[in-house]
Amino acid sequence: MCLAVPMKVLHVEEMTADVDIGGIKKRVRLDIIEPKPVTGDYVIVHAGFAIHIIDEKEAKITLGYLKEVLACGTETSQ
Amino acid sequence: MELKHLNEYRDRDICRKIVEKIRVAARKEIRLMEVCGTHTMSISRNGIQGLLPKTITLLSGPGCPVCVTAQGEIDGFIKLSKMEGVITTTFGDLLRVPASESSLERERAEGADVRIVYSAFDSLEIAENNPGNEVVFLGIGFETTAPTIAAAIIEAEKRGLKNFSVVSANKLVPPVLDVLMKDKRLKLHGLICPGHVSVIIGAQAYIPLAEKYHIPCVVAGFEPADILQAIHMLVNQIQKGESSVEIAYRRGVTFEGNNRAKDVMDKVFETCDADWRGIGLIPQSGLRLREQFLSFDAEKKFDLSIKETKEPDGCACGDILIGVKSPTECPLFGKTCTTTHPIGPCMVSTEGTCAAYYKYH
């Protein structure tokens with residue numbers, strides 16, 4: 001029920017945005033998000049509403065950490 | 001298919017490496033609860049319990065909104081759907097939940113106008129397109145969903161819609177966690193906190209809990225690497241005897257949360273006591289419409305007078321919802337209660353603990 005997925009913002013209007021996930025396009029509401037997203041942002045969408053703009057900087061940090069985890073200790077798994 | 005911000009966290013090799021780190025770190029018996037139903041589904045679908053060392057037990061919590069909706073409330077929904085001229089709109093999950101004598105699905109088969117919507121906003125548009133009918137949205141959900149319902153009510157007021165109303169059966173996560181922490185049977189060492197509830201309320205919402213009960217709280221995302229990373233952070237805290245609030249889903253969750261969504265929710269709703277299925281009445285754990293918005297309150301508009309009702313005989317959903325029993329300990333599980341013929345709500349909802357066990361174990 002709290003299912004929500006990241007979707008790419010294609011176009012923003014006053015209270016709505018057109019978003020895309022894997023080629024599927026949807027229109028979502030922007031009533032409960034501030035600041036508003038801009039084209040190219042990824043937003044987390046729940047029940048037809050954008051609820052958060054994905055923090056790309058934080059995503060990079062997490063992915064960097066995960067890659068580090070993958071790189072270190074390779075010898076222990078072989 | 002490229003799904004940015006999803007696929008990266010499904011990498012098998014990364015997951016395997018985090019599991020190794022967990023194995024090294026976990027030196028004692030650890031009991032963790034994943035609070036959110038979407039986490040329960042992801043854990044089952046990805047076989048995460050099976051990857052973990054035997055010393056770590058994952059328990060499922062009360063984080064499926066359909067499952068914790070009291071049967072009396074569902075009886076009220078059914079009463080509503082039978083009323084002349086009423087179009088009942090709901091998220092799909094609620095349709096099959098059996099109440100005392102019927103389900104919304106059965107009422108629909110017998111002619112009631114019950115429609116599945118993807119958003120509270122769809123319901124508002126149905127009201128606009130059907131001025132001769134009363135359109136009611138069945139508002140069930142946690143803090144993730146409540147602001148979307150509040151936004152729809154504000155918009156309905158703005159558009160002057162008189163034939164739109166909402167049953168507010170929304171519930172709040174921190175109060176139920178407080179109840180669980182007091183339950184001596186659970187003996188929890190850490191909480192995997194819900195990701196999308198926390199997008200709204202922020203990780204700060206768990207600080208009182210961590211301080212009061214000395215329990216580590218880590219907010220997790222929903223992909224396997226997200227969940228494993230959260231488990232690793234919890235294990236590290238537990239081994240060091242710490243109890244702080246951390247976020248393993250920083251691309252989605254901040255400490256502060258979504259203030260705009262919180263303001264919208266606060267404008268329309270105020271807290272009230274709420275009845276949780278299998279748990280009972282929890283003070284200040286529900287949301288009701290503020291006086292200014294009472295004309296959108298379906299419970300008052302249609303005099304639903306929701307009453308408490310008895311659970312089906314033998315059904316252990318109550319204990320399963322709080323992690324005291326696992327689905328296999330219910331005498332009905334897999335016998336008379338299956339996903340095709342569910343008896344309790346935990347088997348109906350796609351996020352229910354029993355449905356997840358039945359499908360993947």
* Asked: Residue check, B:Glu105 against (1) closer than 27 Å to B:Lys262 by Cβ; (2) surrounded by fewer than 18 Cβ atoms within 10 Å (Cβ to Cβ); (3) under 25 Å from the mean Cα position of the chain (by Cα), all met but one. Which one?
  -> (1)
* Asked: Would you pick out the residues in region B:154-200 that are touching a Leu at 6+ places or on another chain (Cβ under 7 Å), in a loop (DSSP other than H, G, I, E, B) and not hydrophobic (A, V, I, L, M, F, W, C)?
  -> B:Asn170, B:His189
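Condition check ((1) in contact with a Lys or Arg (Cβ under 7 Å, 6 or more places away or on another chain); (2) more than 30 Å from B:Thr57 (Cα to Cα); (3) not acidic (Asp, Glu)) across all residues:
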position: B:Arg108; (1), (2), (3): no, yes, yes
position: B:Glu125; (1), (2), (3): no, yes, no
position: B:Ala156; (1), (2), (3): no, yes, yes
position: B:Ser168; (1), (2), (3): yes, yes, yes
position: B:Pro175; (1), (2), (3): no, no, yes
position: B:Asp178; (1), (2), (3): no, no, no
position: B:Arg185; (1), (2), (3): no, no, yes
position: B:Pro194; (1), (2), (3): no, no, yes
* Report yes if some residue within region B:27-36 is over 27 Å from B:Pro65 (Cα atoms) and either surrounded by 22 or more Cβ atoms within 10 Å (Cβ to Cβ) or touching a helix residue (DSSP H, G or I) at 6+ places or on another chain (Cβ under 8 Å) (or both); otherwise report no. => yes
* A:Ile21 being facing chain B (nearest Cβ under 9 Å), surrounded by 14 or more Cβ atoms within 10 Å (Cβ to Cβ) and over 25 Å from B:Gly139 (Cβ atoms) -> yes
* Is it the case that region A:7-17 has a residue that's more than 10 Å from chain B (Cβ to nearest Cβ), within 23 Å of B:Glu125 (Cα to Cα) and among the acidic types (Asp, Glu)? -> yes
* Asked: (1) in contact with a Ser or Thr (Cβ under 7 Å, 6 or more places away or on another chain); (2) farther than 20 Å from B:Val173 by Cα; (3) touching a residue at least 40 places away in the same chain (Cβ under 8 Å): which one isn't true of B:Ser60, the others all being true?
  -> (2)
* If you check every pair at least six apart or on different chains, which have Cβ atoms under 6 Å apart with a residue in region B:250-263 that is facing chain A (nearest Cβ under 8 Å) first and a residue that is among the charged types (D, E, K, R) and assigned to a helix (DSSP H, G or I) second? -> B:Arg250/A:Glu58; B:Arg251/A:Glu58
* Structure fact -> Scanning region B:236-270 residue by residue, those among the aliphatic types (A, V, I, L, M), touching a Pro at 6+ places or on another chain (Cβ under 9 Å) and more than 30 Å from B:Ile153 (Cα to Cα) turn out to be B:Ile238, B:Val245
* Among the residues of region B:228-249, which ones are farther than 14 Å from B:Ala210 by Cβ, of a type in the set (A, V, I, L, M, F, W, C) and within 13 Å of another protein chain (Cβ to nearest Cβ)? -> B:Leu228, B:Ala230, B:Ala248
* Asked: Right, B:Gly61: within 14 Å of chain A (Cβ to nearest Cβ) and outside any helix (DSSP H, G or I) or not?
  -> yes
* Answer yes or no as to whether B:Glu329 is over 26 Å from B:Thr148 (Cβ atoms) and within 14 Å of chain A (Cβ to nearest Cβ). => no
* Any idea which of A:Leu70, A:Leu66 is of a type in the set (A, V, I, L, M), touching a Phe, Trp or Tyr at 6+ places or on another chain (Cβ under 8 Å) and within 10 Å of another protein chain (Cβ to nearest Cβ)? -> A:Leu66
* State whether one or more residues within region B:173-189 are within 13 Å of chain A (Cβ to nearest Cβ) and either in contact (Cβ under 8 Å) with a residue 40 or more places away in the chain or aliphatic (A, V, I, L, M) (or both). => yes
* To do: Hey, could you check region B:77-88 for residues that are buried (at least 24 other Cβ atoms within 10 Å of the Cβ) and in contact with a Phe, Trp or Tyr (Cβ under 9 Å, 6 or more places away or on another chain) and say which is nearest to B:Ser119 (Cα to Cα)?
  => B:Thr88
* Assuming B:Ser198 fulfils every condition listed in (1) touching a helix residue (DSSP H, G or I) at 6+ places or on another chain (Cβ under 6 Å); (2) within 13 Å of another protein chain (Cβ to nearest Cβ); (3) not aliphatic (A, V, I, L, M) apart from one, which condition is it? -> (1)
* Would you tally the residues in region B:1-24 being aliphatic (A, V, I, L, M), surrounded by fewer than 20 Cβ atoms within 10 Å (Cβ to Cβ) and in a helix (DSSP H, G or I)? => 2
* Residues located in region B:119-156, provided they are within 14 Å of another protein chain (Cβ to nearest Cβ) and either more than 23 Å from B:Lys171 (Cα to Cα) or free of Cβ contacts under 8 Å to residues at least 24 places away in the same chain (or both) -> B:Glu125, B:Ile126
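Taken together, the values in this text are just the output of simple stated rules run on the coordinates, not laboratory data. Being a predicted model, the structure only gives us computed values, none of them experimental. Because the Cβ atoms are built from the backbone with ideal geometry, glycine has one as well, and the counts that use them run over all protein chains shown.
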